[in-house]
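Written out below as structure tokens is the structure these notes cover.
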Amino acid sequence: MRWSVIAWRCASFVVAAGVIALWQLAADRRLISPVFLPGPDRAWASLLRGFTSGDLLTKLTGTLTHMAYGWLLASVAGIALGAMIGSSKAMRIYVAPTLELLRPLPVSAIIPVAIAAFGLNQSMALFVIAFGSLWPMLLGTIHGFAAVEPRLYEVARVLHMSRLAVIFKIALPSAAPDILAGMRLSLTVALILAVVCEMLAGLDGLGQWVLLSARAFRSADLFAGVMLLGIIGYITALAMGAAESRLLRWQAARR
Amino acid sequence: MAEPALALVQSSPAPAHAQIAFDKVALVLGGKAIIDTISLEVAAGEILCVVGASGCGKTTALRLAAGLYQPTGGAVRFEGEVMRAPRREIAVVFQDYGKALLPWRTAAGNVSLALETIGMPSAQRAARIAELLAKVGLAGHAAKYPTEMSGGMQQRLQIARCLAQDPKVLLMDEPFGALDAMTRQGLQDEMLALVASTGATVVFVTHDLEEAIYLGDRVVGLLPHPGRVGLELTIDLPRPRDQLATREHPEFLRLRRALFDFIKASE
Ligand SMILES: Nc1ncnc2c1ncn2[C@@H]1O[C@H](COP(=O)(O)OP(=O)(O)O)[C@@H](O)[C@H]1O
Ligand SMILES: [Mg+2]
């Protein structure tokens, strides 16, 4: 079990190294013009230069901030709304069909609406990011709350637990796996939408950096930004996974 | 045999000492009469066992006693007071222990749930949890999650959580029904010892007739469609009971015969 995990890690590392090597080869041989494709060496140099000059760091912080605010707002709203809807059968019956109608709506369709309502600014970005990342958490929470074992509510009644205690000690922990899965999905959505909003509204962030680099044919800078975005996605997913396995230790015991 | 006992029971009003009293209780669920006019008293400290064919209303009667259902006719009283809702003095050991425990809490955490709810300060909880777990034979398992425990251990844990409520009454719904015979006999004796030490009143539902006689001071047999009392037996077997001696006692065999005949006739 542990060995196979290590083997998989090694394999993926070898593949990544191979891809970078091929990339370097393609750039050295000028298979694609350096205007469009810098080698990894140049992208790396640009990344370092960006950080030492401080520019890239500002953009990185910008994107992380947009992503975090939108995602947190969506988490609070999604869990609160989901808890309300999921714990009431009547709400589920009346509200769920509307949600099913809204859910497949591409978030890109909401962007013009948000721009019209807020203008090209931070509020628009916050709204779009939060709206887009709301769905996985909202639906996860609704499902989690609806699936709480009814027997546990009876245990709560027999013990005379308060409403608040029932929510925090029974419903939320019971729904935690669904909620956390939703939060993990939303993280990716939040990153994508942060980049999109930065591009559209010219907000300080990697989205803007990438767009401007592309327009100025600074391919090394462009790739540095893209690499950084990949790293953000990877690290946040890793952190979320760690938080999940910590919070859901009891599920590991089940296996 | 059943006649004089029934006459005795129906001579309400309830005397002051009855801990739980069913006073002409009826329950209609979904347009169907599930329980029809049960009058029954359980004295403080008594162990009352309830038997009956599957679907005759044993679980429903227990839920009425717990205050989880409200009767549609008559009244359920606890120490003379009409029950409107569940009470902390009445603990329920559910049949499906796997569903009644919080899978995200360890054994200690599950016991703690009851202590938190009765408002015990956290400083005192650890000692009380250890004491309760030891009482049900789970001393070394405080850090285990329910899913890491056997069925017998999970049911012990549920009993420990019920004891944490410091209940006057334990309502048990086929608590050992899903366990193998050896585990069951062990738990029967542990339960008798526990109840003897706490002095709690017990209403114990089972489909195992021998278990009912072995544990009870009194056995009530329910008739189905709708659920009502059809038989009442007083068990005059010496205590403490013993898995071998009690079960070989001539009185045990006589009672067993009477119960079997009753169940057969009721089906
Ligand atoms: N909520 C309910 N609504 C309608 N019928 C019910 C409900 N709960 C139980 N019943 C019916 O009541 C009868 C008695 O059920 P139960 O008390 O569970 O029996 P037992 O525990 O003796 O097997 C059964 O016929 C069952 O179908
Ligand atoms: Mg039953």
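Between B:Q19 and B:V42, B:A43, B:A44, the built amide H atoms are under 5 Å apart, and every one of these is 5 or more places off in sequence or on another chain. Charges were assigned to the Cβ only: +1 to each Lys and Arg, -1 to each Asp and Glu. The resulting dipole of chain A about its Cα centre is roughly 680 debye.
For chain A, the longest piece that avoids every one of the chymotrypsin sites (Phe, Trp or Tyr not before Pro) found in DSSP loops with at most 13 other C-beta atoms within 10 Å covers A:37-216.
In terms of surrounding Cβ atoms within a 10 Å radius of their Cβ, B:M83, B:M149 rank from fewest to most as B:M149, B:M83. Computed packing ranks the peptides B:157-165, B:90-98 as B:157-165, B:90-98, most packed first, by mean other Cβ atoms within 10 Å. To the nearest ten degrees, helix B:107-117 and the longest principal axis of the Cα atoms of chain B are 70 degrees apart. Our note on the geometry: Cα centres of the range A:179-214 and the range B:178-252, 67 Å apart.
Each residue of the range B:68-75 was assigned a 3J(HN,Hα) from its phi angle through the Karplus curve 6.51 cos²θ - 1.76 cosθ + 1.60 (θ = phi - 60°); the sequence is 7, 10, 9, x, 8, x, x, 8 Hz, with glycine and proline shown as x.
Ranked by how many other Cβ atoms sit within 10 Å of their own Cβ, fewest first, the residues B:I38, A:I179 fall in the order B:I38, A:I179. Helix B:181-198 sits at what angle to the longest principal axis of chain B, using alpha carbons and giving 0 to 90 degrees rounded to 10? Approximately 90 degrees, to the nearest ten. Between A:A252 and A:I20, the simple spin-label model (points 7 angstrom out along Cα→Cβ) gives 2.9 nm. Working note: Karplus 6.51/-1.76/1.60 with θ = phi - 60° gives the range B:206-220 the couplings 8, 9, 8, 4, 5, 4, 4, 5, 4, 8, x, 8, 8, 10, 10 Hz, where Gly and Pro are set to x. Using the Cβ-Cβ distance between A:A96 and B:A178 with R0 = 35 Å, the FRET efficiency computed as 1/(1 + (r/R0)^6) comes to roughly 0.50.
For the protein assembly as shown, the dipole from Cβ point charges (+1 on Lys and Arg, -1 on Asp and Glu) about the Cα centre works out to 1520 debye, to the nearest 20.
Helix content alone sets the calculated 222 nm mean residue ellipticity of chain A: runs of n ≥ 4 DSSP H residues at -39500 (n - 2.57) each, divided across all residues, give -27500 deg cm²/dmol.
If you run the Gaussian network model on chain A, springs between alpha carbon atoms under 10 Å, then out of A:G18, A:G207, A:G182 the most flexible one is A:G18. Based on C-alpha pairs under 8 angstrom that are at least 6 apart in sequence, the range A:69-215 has a relative contact order of 31 percent. If the cut-off is a Cα-Cα distance under 18 Å, which lysines reach B:K24, setting aside same-chain residues fewer than 8 apart in sequence? Qualifying lysines at Cα under 18 Å: B:K32, B:K58.
Which of rounded, prolate, oblate describes the protein assembly as shown, given a ≥ b ≥ c as roots of the alpha-carbon gyration tensor eigenvalues and a/c under 1.5 marking rounded, otherwise prolate only if a/b is larger than b/c? The shape class here is prolate.
One Cα centroid belongs to the range A:87-155, the other to the range A:1-79; the line between them spans 31 Å. Summarising the amide proton neighbourhood of B:I34: residues at separation of 5 or more, or on other chains, whose placed amide H is nearer than 5 Å comprise B:L27, B:V28, B:L29. Taken residue by residue and averaged, Cβ atoms of other chains lying within 10 Å of the Cβ of B:98-108 number 5. Once the C-beta distance of B:E81 and A:K89 is scaled by a Förster radius of 30 Å, the resulting FRET efficiency is 0.40 to the nearest 0.05.
Neighbours of A:A224 by Cβ distance under 15 Å: Lys/Arg scored +1, Asp/Glu scored -1, total +1.
What the phi angles of the range B:249-255 give under the Karplus curve with 6.51, -1.76 and 1.60, with θ = phi - 60°, is a coupling list of 4, x, 5, 4, 5, 5, 5 Hz, glycine and proline written as x. Distance from the C-alpha centroid of the range B:138-160 to that of the range B:30-93: 28 Å, rounded to the whole angstrom.
Taking 7 Å steps out from each Cα toward its Cβ at B:E248 and A:A7 produces label points 6.0 nm apart. Given R0 = 22 Å, the distance between the Cβ atoms of B:E190 and B:A142 translates into a calculated FRET efficiency of 0.75. Between A:R163 and B:S54, the modelled labels are 4.1 nm apart [label points 7 Å from Cα along Cα→Cβ]. Taking a point 7 Å out from the Cα of A:F118 in the direction of its Cβ, the residues of the range A:133-149 whose backbone N falls within less than 17 Å of it are A:133-135. Of all aspartates and glutamates in the structure, those lying under 13 Å Cα to Cα from B:K99, and not within fewer than 8 positions of it along the same chain, are A:E149, A:E154.
The charge dipole of the range B:113-265, taken about its Cα centre with unit charges on the Cβ atoms of Lys, Arg (+1), Asp and Glu (-1) only, comes to about 200 debye. Against the main long axis of the alpha-carbon atoms of chain A, helix A:55-86 sits at an angle near 20°. Estimated purely from DSSP H runs of n ≥ 4, each contributing -39500 (n - 2.57), the mean residue ellipticity at 222 nm for chain B is -12000 deg cm²/dmol once divided by its residues. Going from the residue with the fewest nearby Cβ atoms within 10 Å to the one with the most, B:L115, B:L170 rank B:L115, B:L170. Ignoring aspartates and glutamates fewer than eight residues from A:K59 along the same chain, the ones with Cα atoms less than 15 angstrom from its Cα are A:E198, A:D204, A:D221.
Taking 0.36 nm per residue of separation and subtracting the Cα-Cα distance, full extension of the segment from A:F217 to A:L105 would add 36.9 nm. Amide H to amide H, with H built 1.01 Å from N, B:K144 comes under 5 Å of B:A107, B:A108, counting only residues 5 or more places away or on other chains.
We did not get these values from a lab; they are worked out from the coordinates using the rules stated. These numbers come from a predicted model, not from an experiment. Here Cβ is always computed from backbone atoms with ideal geometry, including for glycine, and neighbour counts include all displayed protein chains.
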